[in-house]
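S.K.: Next up is a structure, given as structure tokens.
Only the coordinates and a few stated rules stand behind these numbers; no lab work does. None of these values were measured; they are calculated from a predicted model. As a convention, Cβ positions derive from the backbone with ideal geometry for all residues, glycine included, and neighbour counts pool all protein chains shown.
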């Protein structure tokens, strides 16, 4: 997962190596397609979080394209705040829910 600061959708420098690794792998597997899923914490309206999650997913797609991943290999979607991985109501839980997940097809 790639994590984001509150109300932000910029991919942080600490995730550059992860994005590069995934991007180079996908570029070398042109038949492989993934789903790039944007997520948010529970704060904010559903509509706002759906839009923010989409901006996060789109930011990761743009970063992956730098390494040669084709548009046809990626589907960017947003779950907004509907798929939390942490159910707490504090900063620790919220930080885990502000993320983008790369979902590879099941083999």
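S.K.: Along Cα→Cβ, 7 Å out, is where each label goes; now give me the distance between the ones at residue 25 and residue 66 in nm to one decimal.
M.R.: Result: 1.8 nm between the two label points.
S.K.: Pick out which of 30, 84, 13 has the largest mean-square fluctuation in a Gaussian network model of the chain, springs linking Cα atoms closer than 10 Å.
M.R.: So, out of 30, 84, 13, the one fluctuating most is 13.
S.K.: Suppose only helical runs count, i.e. DSSP H with n ≥ 4. What mean residue ellipticity at 222 nm does that imply for the chain under -39500 (n - 2.57) per run, divided by all residues and rounded to the nearest 500 deg cm²/dmol?
M.R.: After summing the helix terms and dividing by residue count, I get -11500 deg cm²/dmol.
S.K.: Here's something else I'd like to know. Of 11, 85, 60, which is the most mobile in a GNM of the chain whose springs link Cα atoms less than 10 angstrom apart?
M.R.: So, out of 11, 85, 60, the one fluctuating most is 85.
S.K.: So what's the angle, to the nearest 10 degrees on a 0 to 90 scale, between helix 16-27 and the longest Cα principal axis of the chain?
M.R.: Relative to the chain, helix 16-27 is tipped by roughly 40 degrees.
S.K.: Can I ask one more? Below 8 Å, C-alpha to C-alpha, sequence gap of six or more: please give me the relative contact order for the range 2-103 in percent. Please report the intermediate quantities before stating the final value.
M.R.: Details: 196 pairs, mean separation 41.1, N = 102.
So the answer I get is 40 percent.
S.K.: Tilt of helix 46-65 relative to the longest C-alpha principal axis of the chain, in degrees (0 to 90, nearest 10)?
M.R.: Rounded to the nearest ten degrees, it is 30.
S.K.: Now, a different point. Please build a GNM for the chain, connecting alpha carbons under 10 Å apart, and tell me which residue among 92, 51, 59 fluctuates the most.
M.R.: The residue with the greatest mean-square fluctuation here is 92.
S.K.: Among DSSP beta bridges whose residues both lie in the chain, state the antiparallel percentage, nearest 5. Provide the component values of the computation, followed by the final result.
M.R.: Working: 6 of 12 bridges.
Bridges in the chain are about 50 percent antiparallel.
S.K.: Output needed for the range 2-103: three equivalent-ellipsoid semi-axes, defined as square roots of 5 times the C-alpha gyration tensor eigenvalues, in descending order, whole Å. Mind showing how you got there, number by number?
M.R.: Values: eigenvalues 122, 35, 23 Å².
The three semi-axes for the range 2-103 are 25, 13, 11 Å.
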